[in-house]
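Okay, structure first, notes after.
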């Protein structure tokens, strides 16, 4: 046990009275105050004050621990929400990327289809023009050959036939005129086809058709 001197006792009592400051902790258990009533009262008050402070500190500790648990739970929930939000944003960006990719593929397919259609139309027009030219040439050649043969027969036999002569000369004039007419028609069709194709391409390149 520790025995407190009179001077130390007076200082402790004065400090307690003036500033309400007491000794704390286990030192109160080893002070010998069996023969001093004032010191016993001081130790009693100091222990009560120490117990009160211990209870307050314990309460504060429990409160802090409870708040720490709540903060930890809040942090866990917040991290979970942030993870879900990040995942949602990544899915949205992925969906947007896929939509843009599908749009580009659709535009490429559209351009390819238009190009194939234009090629098919040109091929069909060329085949039609080729067929018309062949038939026209065959008709013109046939009529020319027949008229020439008839004129040759009349010349060979020495028969004067003004009708055949005029028919032969007129026929060649008609064939020459029709040839230029057919050529002009074919050139006009080709020009219209090429002009129509370029106009179609211009329309396809307009922003309003995107």
Margin query: surrounded by 10 or more Cβ atoms within 10 Å (Cβ to Cβ) and in contact (Cβ under 8 Å) with a residue 24 or more places away in the chain: which single residue out of 72, 28, 13 fits that description?
Written below: 13
Notebook entry, point to check: Regarding residue 111, is this residue within 38 Å of the chain's Cα centre (by Cα), part of a helix (DSSP H, G or I), over 30 Å from residue 178 (Cβ atoms) and touching a residue at least 60 places away in the same chain (Cβ under 8 Å)?
Noted result: yes
Next item on the list: Select from the range 1-43 the residues that are part of a helix (DSSP H, G or I), farther than 21 Å from residue 53 by Cβ and touching a helix residue (DSSP H, G or I) at 6+ places or on another chain (Cβ under 8 Å) and write down the one among them that is modelled with the lowest pLDDT.
Entry: 9
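The values are calculated or read from the model by the stated rules, or taken from the named source; none is laboratory data. Owing to the predicted nature of the structure, the values given are computational and were not obtained by experimental measurement. Cβ atoms come from the backbone with ideal geometry, glycine included; neighbour counts cover every protein chain shown.
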